[in-house]
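The values are calculated or read from the model by the stated rules, or taken from the named source; none is laboratory data. Predicted model only: the values in this text are computed from it and were never measured. Glycine gets a Cβ as well: all are built from the backbone with ideal geometry, and neighbour counts include every protein chain shown.
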């Protein structure tokens, strides 16, 4: 009889721990904002310097716990043709999965569209944090998505 109490307590603890872990991975620390004055920067081809580009309609997901938790959905006014001539294309773009409740950022569709050429990925800013690049994927209609991903400093480790 006493063994069943111990086992019940152990299973109860595991269930509570599992729920807490799930909550902290999916909801805790995240903040969603819709700023009017957020600056999106993209790296110019010649100078390799990031410059601010005109953008609007931001929805941003971020957390202070990791630079890799940044995601953004927004609109750009520039054409793809002008952007491919002016800004550095990012060859190894790999969108990271956002929490399921952050509806505007669909990493699976975004990954497929980058691979098929429906969207083009650009280097927004190299080393925005140590070993982390900010990447922007842009569609013909002006929709754009940004995320941070590990660069060559940490990607192969």
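Residue 111 satisfies every condition listed in (1) modelled with pLDDT of 95 or more; (2) outside any strand (DSSP E or B); (3) touching a helix residue (DSSP H, G or I) at 6+ places or on another chain (Cβ under 9 Å) except (3).
Cβ-Cβ contacts under 9 Å between residues 6 or more apart (or on different chains), taken from a first residue in the range 146-157 that is under 17 Å from residue 89 (Cβ atoms) to a second residue that is at pLDDT below 80, are listed as 149/155. Among the residues in the range 52-74, are any more than 16 Å from the chain's Cα centre (by Cα), in contact (Cβ under 8 Å) with a residue 12 or more places away in the chain and buried (at least 16 other Cβ atoms within 10 Å of the Cβ)? Yes, the range 52-74 contains a residue that is more than 16 Å from the chain's Cα centre (by Cα), in contact (Cβ under 8 Å) with a residue 12 or more places away in the chain and buried (at least 16 other Cβ atoms within 10 Å of the Cβ).
Okay, residues lined up against (1) touching a strand residue (DSSP E or B) at 6+ places or on another chain (Cβ under 8 Å); (2) within 21 Å of residue 26 (Cβ to Cβ); (3) outside any strand (DSSP E or B):
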{"position": "78", "(1), (2), (3)": "yes, no, yes"}
{"position": "95", "(1), (2), (3)": "yes, yes, yes"}
{"position": "101", "(1), (2), (3)": "no, yes, yes"}
{"position": "121", "(1), (2), (3)": "yes, no, no"}
{"position": "152", "(1), (2), (3)": "no, no, yes"}
